[in-house]
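First comes the structure, then the notes that go with it.
The values are calculated or read from the model by the stated rules, or taken from the named source; none is laboratory data. As the structure is a computational prediction, the values presented were derived from the model and not from experiment. All Cβ positions, even for glycine, are placed from backbone atoms using ideal geometry, and neighbour counts span all protein chains on display. To get the accessible areas, we keep the full protein, side chains included, count just its heavy atoms, and leave off ligands, DNA and RNA. Shrake-Rupley method; radii C 1.70, N 1.55, O 1.52, S 1.80 Å.
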Amino acid sequence: MLRLNRARSFAVLLLWLVLAFAAGPYTVRLEEVTQAGQEVQLPATAESARVAGLLNPAGAEEALPLAVIWTPRTEGERISPGQQEEVRQVAFRLADGAAPVLAPDGRAMTTVIATGPAGLPAELARIRETAASAASTTVHLAGPAAAQADLNGAFSQTDGTLLIVALGGVLVILLLVYRSVLMPLLAIAASLLSLATACAALYTLARSGLLPVDGQTQGIVFVLVVGASTDYALLLTARFREERAGQLDASTAMAAACRATAPPVLASAATIACAMTTLAFSDLPTEQALGPAVAIAMACCALVSLTFLPAALILCGQRVLRPRSSRGTAAVWTKIARVTARRPRRIWAGCSIVLVVGASCAPLLSQTGVPLHQALPAGASSAAGHEVMARHFPAGTASPLVIVAPAAQAADVRDQIFATPGVATASAPLPGPDGRTQILTTLRDTPDSARARNTVDRLRASPTGTEALVGGQSAQLTDLHQASVRGHRLIMPLVLAVVLAVLIVLLRCLLLPLLLIAAAWISLLTAFGTAALLFRLVSGSAATEPAVVLFSFVFLVALGVDYNIFLVHRIRAEAVRHGTQAGVQRGVQTTSGVISAAGLILAATFAALTMMPLLYLAQIGCVVAVGVLIDTLLVRLFLVPALILDLGPRTWWPTRLPRDVALPGSGPQPAQGADAPGRPAASASAP
């Protein structure tokens, strides 16, 4: 690694400042190429995709259905004949041939028209204004077009807020840890530089069409970059302070700190990047795009942390390292290490019991999905419109299914549609492509609800002996849900395999990586169980989307192993010099403070996602924040050290460390000092 003196540090810093000036605007400009909506993109083999191909063989951008609903201004009144006639005239102005339908209770009228997706906000404003010209009525908009507009608005209004909240939380924690201003400013500068570099790369790829970026990806990248960059800054600074205490030359101390910090930092970034890259095996384009985006972001974090930050620390000198941690804080970590060393088996058994109890609640986290009108911000106009529609009409009125069947079987198919539970109405057969007919079918339930998906499954099973295909929004969402669940069965084992491989390469053993994966798995289930209880407490429901479970799984496995990488890499370095038992105690004492602060920072940055008005991102933020806290305060602080102490030299099986002189199968042995006869000390190489 390049040894930095003041001149080289100044050159590196100047280079990064130029890059920051060039890349900085892309943090804002990324929104120009961000796809804020949740466009349904399915494999070509999905049944709903086949229907879409039949109805739209050219693949042209399709308009979105919009339900316009009129109700009397006085709640509970019926629409008068005069109002009905005026609504019919207004509906005709909205779209040629639009025929509004009177609700069975006589208290509302609605018509469904096609609009967007280009220029959607302005188009909806025009439609609302025209529809409001019907005298003495209140207008509501519902359906996919209205929900899409609210979704776009929710993403566009939260990017700046999300970044401010995340950086604010980081700044507060850093001020409490360092009780100075310079180090927090350097850490935040590194975070912003990493973010700007990542955004510039993502903007370039998105603009060229190589990597689509949506609002969800942008939000996750923002908080992950801020959290990871700050964590790496804490690790490097802590090791620099440690090396600086033993020698006066800042350049030599920084070189030693970088040599010690680079392996775990690179392993951490590689773990997250490789784990997220497994999303490429998903059938869903939105999940496929998140993996490369996070991998790019983590590469930027590692690069900035190992180049810009060392240069800045050397130029700032001793001022950035003051004040030192208080003796009281250091004494806490020393006491924890000693208590763990006295009763390791009791401690890891107790931790396991706590984790198993929390994991037993994981089944409460249901992947049945959350309808979009419930996931949107409170007060969203499309959600209010949906509630009005559901009171007066079948909830699926705005998004009917399209069932395509051979013309000769149309009558039989329609009869079977009517006989299917969950179906409200079915239109007369209409001319379709290739000698087929299409039947528009309205469901009783909200199109993106679990009940609607069940109805779609029944419809697909009922026309036995025919070639009927079920398409439309509910069918697309059903296929999307099924593809997501199928993908999880492949991606989750791949993530575990990738993380295990990284650990084996880093630690050069087999048993300990297996134990770390098991610890990450049980802490993950505990996080799911704890989050499910929180969801029920706050909203009364623990329902979530399969994508929330998948993303949370990938992040928690990767991030949970990260902190264990920082700890165990240091333990191994100390164990090479002093033996496993002494290595554990020294590793816990020297890393607990910085890793605990890093965990709190990462939990705080992901908790910033809970400020997002979209339920999906808020749930991801909650699950990951809870999981990081569990891993930081329980697994990494107590469970893993206790397990290593209880196993002793067997921890490193099938290898053995030089200072571990215990016989095979023996428990932990008394620590041997670095100056034991015949055992030359090795230099440490971990933070």
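Okay, here's what the table says:
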{"quantity": "Percent of Cα pairs exceeding the 16 Å cut-off, where the set is segment 372-438", "calculated": "58 percent"}
{"quantity": "Rounded to the nearest 10 Å², the accessible area of Glu129 at probe 1.4 Å", "calculated": "140 Å²"}
{"quantity": "Relative contact order for segment 405-451, counting Cα pairs under 8 Å that sit 6 or more residues apart, in percent", "calculated": "36 percent"}
{"quantity": "Listed residues Ser484, Leu430, Met612: farthest to the positive end of the dipole of the chain (Cβ charges)", "calculated": "Met612"}
{"quantity": "Cα-based Rg and Dmax for segment 258-319, where Dmax is the largest Cα-Cα distance (Å)", "calculated": "15.3, 52"}
{"quantity": "Global geometry of segment 96-252, whether rounded, prolate or oblate, following the gyration tensor of its Cα atoms and the 1.5 cut on a/c", "calculated": "prolate"}
{"quantity": "Residues listed by number, segment 97-122, amide nitrogen under 16 Å from Ser80 label point at 7 Å toward C-beta", "calculated": "107-108"}
{"quantity": "Principal axis dimensions, largest first and in whole angstrom, of segment 197-280 by Cα", "calculated": "51, 23, 19"}
{"quantity": "More than 15 angstrom apart: percent of Cα pairs within segment 434-528", "calculated": "73 percent"}
{"quantity": "Angle in degrees between helix 546-578 and the longest Cα principal axis of the chain, rounded to the nearest 10", "calculated": "0 degrees"}
{"quantity": "Simple Cβ-charge dipole of the chain, Lys/Arg +1 and Asp/Glu -1, about Cα centre, in debye nearest 20", "calculated": "3680 debye"}
{"quantity": "Residue order for Trp653, Trp16 - accessible surface, 1.4 angstrom probe, largest first", "calculated": "Trp653, Trp16"}
{"quantity": "Descending principal axes extents, segment 1-151, alpha-carbon based, whole Å", "calculated": "86, 41, 24"}
{"quantity": "Estimated dipole of segment 20-143 in Debye, rounded to 20 [Cβ of Lys and Arg +1, of Asp and Glu -1, Cα centre]", "calculated": "180 debye"}
{"quantity": "Taking segment 66-195 and dividing mean pair separation by its residue count, relative contact order in percent (alpha carbons under 8 Å, at least six apart)", "calculated": "27 percent"}
{"quantity": "Mean separation of Cα contacts under 8 Å, 6 or more apart, over the residue count of the chain: relative contact order %", "calculated": "18 percent"}
{"quantity": "Accessible surface of the chain [probe 1.4 Å, protein heavy atoms]: carbon and sulfur percent", "calculated": "62 percent"}
{"quantity": "Acute angle (nearest 10 degrees) that the helix 285-316 long axis makes with the longest principal axis of the chain, alpha-carbon atoms", "calculated": "30 degrees"}
{"quantity": "Cβ-defined net charge surrounding Leu639, 15 Å radius [Lys, Arg +1; Asp, Glu -1]", "calculated": "+2"}
{"quantity": "Per-residue [θ]222 nm for the chain (sum of -39500 (n - 2.57) over DSSP H runs n ≥ 4, rounded to 500)", "calculated": "-21000 deg cm²/dmol"}
{"quantity": "Percent of alpha-carbon pairs separated by more than 17 Å within segment 235-287", "calculated": "52 percent"}
{"quantity": "Mean Cβ neighbour count within 10 Å, used as a protection proxy, ranking 189-199, 260-270, 92-102, 378-388 highest first", "calculated": "189-199, 260-270, 378-388, 92-102"}
{"quantity": "Most to least packed among 276-284, 446-454 [average Cβ atoms within 10 Å]", "calculated": "446-454, 276-284"}
{"quantity": "Protection proxy ranking, peptides 306-316, 600-610, average beta carbon neighbours within 10 Å, highest first", "calculated": "600-610, 306-316"}
{"quantity": "Accessible area expressed per residue, the chain, with surrounding protein chains retained (probe 1.4 Å, Å²)", "calculated": "40 Å²"}
{"quantity": "Per residue convex hull volume, Cα atoms of the chain, in Å³", "calculated": "170 Å³"}
{"quantity": "Overall Cα dimensions of segment 42-111, principal axis frame, Å, largest first", "calculated": "49, 23, 16"}
